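Engineer: Here it is, the structure in full.
The values are calculated or read from the model by the stated rules, or taken from the named source; none is laboratory data. Just so you know, these numbers come straight off a predicted model, no measurement behind them. For neighbour counting, all protein chains shown are included, and Cβ atoms are generated from backbone atoms with ideal geometry for every residue, glycine included. We work out accessible area using only protein heavy atoms, side chains counted, and drop any ligands, DNA or RNA first. Shrake-Rupley method; radii C 1.70, N 1.55, O 1.52, S 1.80 Å.
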Amino acid sequence: FNREETLERVVELELAIVPVAVAEAHRLPPGVAVHINGTPTAALDDRLPALLEPADRRVVLEITENDRFNTADAAVLRSRLPTGCQIAADDVGAGFSGLSQLLGVRPEVVKIDRELVKGLQDDPARQVVVAGLVRFAEETGATLIAEGIEEPDESDALVRLGVRLGQGSLFGRPAPITELAFSA
């Protein structure tokens with residue numbers, strides 16, 4: 001496959017997952033959003049809004065950083081998304097994004113990439129970057145989530161820096177929604 005054919009197949013796969021995620025969302029506790037990852041190309045596909053419309057809860061569209069997603073793209077996406085949908089900048093600190101992209105998109109959710117989390121407790125430079133993301137989230141009203149937390153020391157360092165939400169193997173392994181137990 002050439003690059004264009006590969007991208008087309010990726011977009012088709014990503015779009016095929018959306019109705020499944022929306023249909024399974026009812027299994028989540030009330031008030032819990034469903035997060036769906038997608039490339040910028042899939043996020044801007046004309047078919048996406050109709051696939052998200054049946055959601056019975058808030059949807060957070062996590063835009064992966066394997067390609068550029070700029071201010072104009074974010075404006076187009078926001079104008080098409082059903083009410084209540086939010087944009088997340090996924091894998092911040094890795095991939096294609098830079099601070100100008102984060103400033104232009106102004107996502108409602110910012111997800112700190114594992115590469116910034118790994119060894120954070122021993123790396124002053126990483127700590128400064130994460131502290132800057134904490135400040136960015138505070139000033140813009142974004143929700144900040146650290147990804148890939150594997151060690152208690154990483155979690156402790158994130159909490160000291162002001163990161164209040166996280167995910168990673170320290171807390172649990174990914175599992176099908178049917179295997180998760182939710183407490184009331």
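Engineer: List pairs: first residue in region 26-39 and among the basic types (K, R), second residue open to solvent by less than 80 Å² (accessible area, probe 1.4 Å) anywhere in the structure, Cβ distance under 6 angstrom, at least six positions apart or on different chains.
Structural biologist: As it stands, the answer is R27/I177, since those pairs meet every condition given.
Engineer: Next question. So G104 clears everything in (1) open to solvent by 10 Å² or more (accessible area, probe 1.4 Å); (2) modelled with pLDDT under 90; (3) part of a loop (DSSP other than H, G, I, E, B) except one condition, right? Which one?
Structural biologist: Going through (1) open to solvent by 10 Å² or more (accessible area, probe 1.4 Å); (2) modelled with pLDDT under 90; (3) part of a loop (DSSP other than H, G, I, E, B) one by one, G104 breaks only (3).
Engineer: Starting from region 75-98, take each residue that is over 22 Å from G148 (Cα atoms) and list its partners that are open to solvent by 30 Å² or more (accessible area, probe 1.4 Å) and at pLDDT 90 or above, counting only C-beta distances under 6 angstrom and pairs at least six apart or across chains.
Structural biologist: Note: pairs meeting the criteria are P82/E53; G84/R58.
Engineer: Right, R135: exposed (fewer than 14 other Cβ atoms within 10 Å of the Cβ) and within 15 Å of I112 (Cβ to Cβ) or not?
Structural biologist: yes
Engineer: Please enumerate the residues belonging to region 22-34 that are surrounded by fewer than 19 Cβ atoms within 10 Å (Cβ to Cβ) and outside any helix (DSSP H, G or I).
Structural biologist: The answer is L28, P29, P30, G31, V32, A33.
Engineer: Follow-up. Could you tell me how many of the residues in region 50-83 are within 23 Å of R27 (Cβ to Cβ), part of a helix (DSSP H, G or I) and open to solvent by 20 Å² or more (accessible area, probe 1.4 Å)?
Structural biologist: 2
Engineer: So which residues in region 161-179 are in a loop (DSSP other than H, G, I, E, B) and farther than 7 Å from I149 by Cα, if there are any at all?
Structural biologist: Scanning region 161-179 gives G162, V163, R164, F171, G172, R173, P174, A175, P176.
Engineer: Regarding A146, is this residue among the hydrophobic types (A, V, I, L, M, F, W, C) and either under 27 Å from A55 (Cβ atoms) or under 18 Å from the mean Cα position of the chain (by Cα) (or both)?
Structural biologist: Taking the combined requirement at face value, the residue satisfies it.
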